[in-house]
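Coordinate-derived values only; no laboratory data. The structure displayed is predicted, hence computed values, not measured ones. Note that each Cβ is placed from the backbone with ideal geometry, even for glycine, and that neighbours are counted across all protein chains shown.
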Amino acid sequence: MSLDLIQLSYLVSAICFIFALKGLSSPKEARIGNFIGIFGMIVALAVTMQLPNFAHKTSILITAIGGGIIGIFIARKIAMTAMPQLVAGFHSFVGLAAVLASYSALIAPENFGIVTDEGLKFSALIEMSLGAAIGGITFSGSSIAWAKLQGVMKSNSLKFAGQHYFCLVLGIVLVTLTIFFVREQSFLLFNLVVILSLLLGVLLIMPIGGADMPVIVSMLNSYSGWAAAGIGFTIHNNLLIITGALVGSSGAILSYVMCKAMHRSLFNVIFGAFAAVNSDINNSISKTEKIAKISSPEDAAHMLKNSSSVILVPGYGMAVAQSQHAIREMTSILEAEGINVRFAIHPVAGRMPGHMNVLLAESNIDYDKVLELEEINHDFAKTDIALVIGANDVTNPAAKNDPHSPIYGMPILDVEHARHVLFIKRSMAAGYAGIENELFYRDNTLMLFGDAKKVIEEIIKFLNEN
Amino acid sequence: MNQLPVIIKQAQRLTSDSDSLVQNLKDLLINNTTVTVNEVNPIIGELTIFLLACFVGYYVIWKVTPALHTPLMSITNAISSIIIIGSMIAASSINFNLSNILGYIAVFFASVNIFGGFVVTQRMLSMFKKK
């Protein structure tokens, strides 16, 4: 196969990838898009093996198939609630591959045609260290994110005073080392660049947790793209550059969407871990003697049955309790009674973008009934019951009324406008942001305490009884 | 015999012609090398492709419905593992050394990602159905 033909095939792959992403504009096209993406990948891999001087074909193919079998196994077994950690884990592999590829390019540059009479090309050295550094941060950062989402590591572990300044210094040292590496071409300096970027990834992600996770997962998604592009520049491969740019901008847009949904800047999410400490003080002051009305599943079932429209607001609590299937069952019963049941999804509900949508889709809920914040927010005023399941901050009116609140300015779901608000929560504890929700104490609010799945199963029991 | 001076003359001309031809070829060669030196660094072309792809990504991703943001992440995960091409080239060189071994390891992890990413995306997308 001629090199021209190989390059043209890479272009075909790149276009396939663009169509695969474009397909995600609607669920129907998305399935076809995924197949186009798979086709593009097969083309890319097949023509790469036709490159001149491509030896060890069989063993490389066996390695790829071995990895593939494991990949397919994981993808088929994983629970939908575990999707955030799966994505984080997969990001770390892209980072690892980037680091390894840049090492290969440094050890044997002749394989990639980036060597001149005077040693490695200047530009190649820059691109190589860039690919390795971004790859390193992606690898270690995603590993930490995986460990946190998986629950192996505590959400807020390893925080020390001046951590952010330390990271800043580390970043400056990293850049300086990169410059020295480009001048000296020393293997030792390259190792240091990689080690420092790994350390930086760990320190950046360590203090972040909880509801900030969607931003971090999207950000690492973006990094994995930039790392691929960096390697693309190193080995002069347009397909890697194009794909890296697509993925990089995708992750960047997702991070932006998530940040906007929390009314925070990306800088604030990454470096704002200290703000959480301060808000605890506000909390204790505002705590006055207020009483929340506690309800029972029986009352809730009665209320639901006598309503004509219900909006369910799921949050991370739904995922934790794995209650999506029970919710589906309850929805069917209510719908059979002629009640209009819909779902309202806040952009940052859950631990990754679109987390709630996937869980509801898994439990067979029609995606036309699952609406985004802007689509449904005006309808709360016309709704009998807003049932909030394991969500808190995204419904807190303090975001609109209290300029001193840490979440002030964040777009929220206006559940307060519904005639009745039912909260299913494990306890009275404040949400992730550490702020109390005044909604709990309103006259039209009823609290149901307990595990979301158990509470809903109780409600179903009473719905069936009457 | 009187043709001999003519032949000699022609032979002389031939020699001088060929000399100038060699000279011209040399010039051509030098000119060519100067052209290569003056040629645009390939990184400019790559940067162009990169930035244009960023724009394509920007417009395509904004069209993605928020309901499919999780499948978006898993599919971008799968396609960013295109980095496997770099690892495959590293693993494929004939004189086997450390570079190959690193290549093999990277091929393994990247293919976990490619297959896993596409399969899990398919699994999620198949759940998004209209009732």
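A dipole drawn for segment A:285-465 from +1 and -1 charges on Cβ atoms has a positive end, and of A:Ala300, A:Phe440, A:Val341 the residue lying farthest that way is A:Phe440.
Taking A:Lys290 as the anchor, which lysines have their alpha carbon closer than 30 Å to its alpha carbon, excluding any fewer than eight residues away along the same chain? Excluding near neighbours in sequence, the set is A:Lys305, A:Lys382, A:Lys400, A:Lys425, A:Lys453, A:Lys454. Calculated [222 nm] ellipticity per residue, helices only, for chain B: -28000 deg cm²/dmol; basis is -39500 (n - 2.57) per DSSP H run with n ≥ 4, divided by all residues, nearest 500. Annotation for A:Lys305 and A:Thr116: the two label points, set 7 Å from Cα along the Cα-Cβ direction, are 8.2 nm apart.
Positive end of the dipole of segment A:1-78 (Cβ unit charges, origin at the Cα centre): among A:Gly66, A:Gln7, A:Gln50, the Cα lying farthest that way belongs to A:Gly66.
When the helices of chain A are scored as -39500 (n - 2.57) per DSSP H run of n ≥ 4 and the total is divided over every residue, the value at 222 nm lands at -20000 deg cm²/dmol.
Its Cα centre serving as origin, chain B has a Cβ charge dipole (Lys and Arg +1, Asp and Glu -1) of approximately 900 debye. Shape of segment A:285-465 from its Cα gyration tensor (a ≥ b ≥ c, root eigenvalues): rounded if a/c is under 1.5, otherwise prolate when a/b > b/c, or oblate? Prolate, since a/c reaches 1.5 and a/b exceeds b/c.
Quick check for me: using +1 on Lys/Arg Cβ and -1 on Asp/Glu Cβ, what's the dipole size of the protein assembly as shown about its Cα centre, in debye to the nearest 20?
Numbers: 38 positive and 39 negative charges, 133 e Å.
Charge dipole of the protein assembly as shown: 640 debye, to the nearest 20.
For chain A, the antiparallel share of DSSP beta bridges with both residues in that region comes to about 10%. For segment A:1-138, taking the reciprocal of the average inverse distance between every pair of different Cα atoms yields a Kirkwood hydrodynamic radius of 17.6 Å. Share of Cα-Cα pairs in chain B beyond 24 Å, in percent? Of all Cα-Cα distances in chain B, 66 percent exceed 24 Å.
For chain B, what's the relative contact order in percent, using C-alpha pairs closer than 8 Å and at least 6 residues apart? List each step's numbers first, then the result.
On the way: 54 pairs, mean separation 26.9, N = 131.
Answer for chain B is 21 percent.
How big is the dipole moment of segment A:83-270 about its Cα centre under a simple scheme where the beta carbon of each Lys and Arg is +1, that of each Asp and Glu is -1, and everything else is neutral? Debye, nearest 20, please. Numbers along the way, then the final one.
On the way: 7 positive and 6 negative charges, 149 e Å.
Dipole of segment A:83-270, to the nearest 20 debye: 720 debye.
For a straight C-alpha distance cut-off of 28 angstrom, the lysines reachable from A:Lys28 (same-chain residues fewer than eight places away being disregarded) are A:Lys77, A:Lys260, A:Lys369, B:Lys63, B:Lys129, B:Lys130, B:Lys131.
Under a Cβ-Cβ cut-off of 14 Å, what is the net charge of the residues other than A:Glu457 that fall near it, where Lys and Arg count +1 and Asp and Glu count -1? It works out to a net charge of -1.
Decide, for segment A:110-154, between rounded, prolate and oblate: order the square roots of the alpha carbon gyration tensor eigenvalues as a ≥ b ≥ c, take rounded if a/c falls under 1.5, and otherwise choose prolate if a/b is larger than b/c, else oblate. Prolate, because a/c is 1.5 or more and a/b exceeds b/c.
Using C-alpha pairs below 8 Å separated by at least 6 residues, the relative contact order for segment A:331-466 is 20 percent.
Normalised by the number of residues in chain A, what is the relative contact order in percent for Cα pairs under 8 Å and 6+ residues apart? Display every interim value, and only then the final one.
Values: 764 pairs, mean separation 63.0, N = 466.
14 percent.
Database remark: amide H of A:Leu371 closer than 5 angstrom to the amide H of A:Phe343, A:Ala344, A:Ile345 (H placed geometrically; neighbours at sequence offset of 5 or more, or on other chains; Pro and chain starts carry no H).
Oblate is the label for segment A:1-77, because the ratio a/c of its alpha-carbon gyration tensor axes (a ≥ b ≥ c) is 1.5 or higher and a/b is not greater than b/c. In this structure, A:Glu372 and A:Ser332 have a Cβ-Cβ separation that, at R0 = 30 Å, corresponds to a calculated FRET efficiency of about 0.85.
Summarised in one figure, the compactness ratio Rg/Rh of the protein assembly as shown, Cα atoms and Kirkwood Rh, is 1.13. Placing unit charges on each Cβ (+1 for Lys and Arg, -1 for Asp and Glu) gives segment A:77-236 a dipole about its Cα centre, and among A:Gly225, A:Val173, A:Pro214 the Cα reaching farthest toward its positive end belongs to A:Pro214.
Take the Cα of A:Ala381, go 7 Å toward its beta carbon, and none of the backbone nitrogen atoms of segment A:323-347 fall under 15 Å from that spot.
Shape summary: segment A:147-270 maps onto an equivalent ellipsoid whose semi-axes, from the alpha-carbon gyration tensor, are 26, 22, 12 Å in decreasing order.
Label separation (A:Lys154 vs B:Leu25): 7.9 nm, computed from points 7 Å beyond Cα along the C-beta direction.
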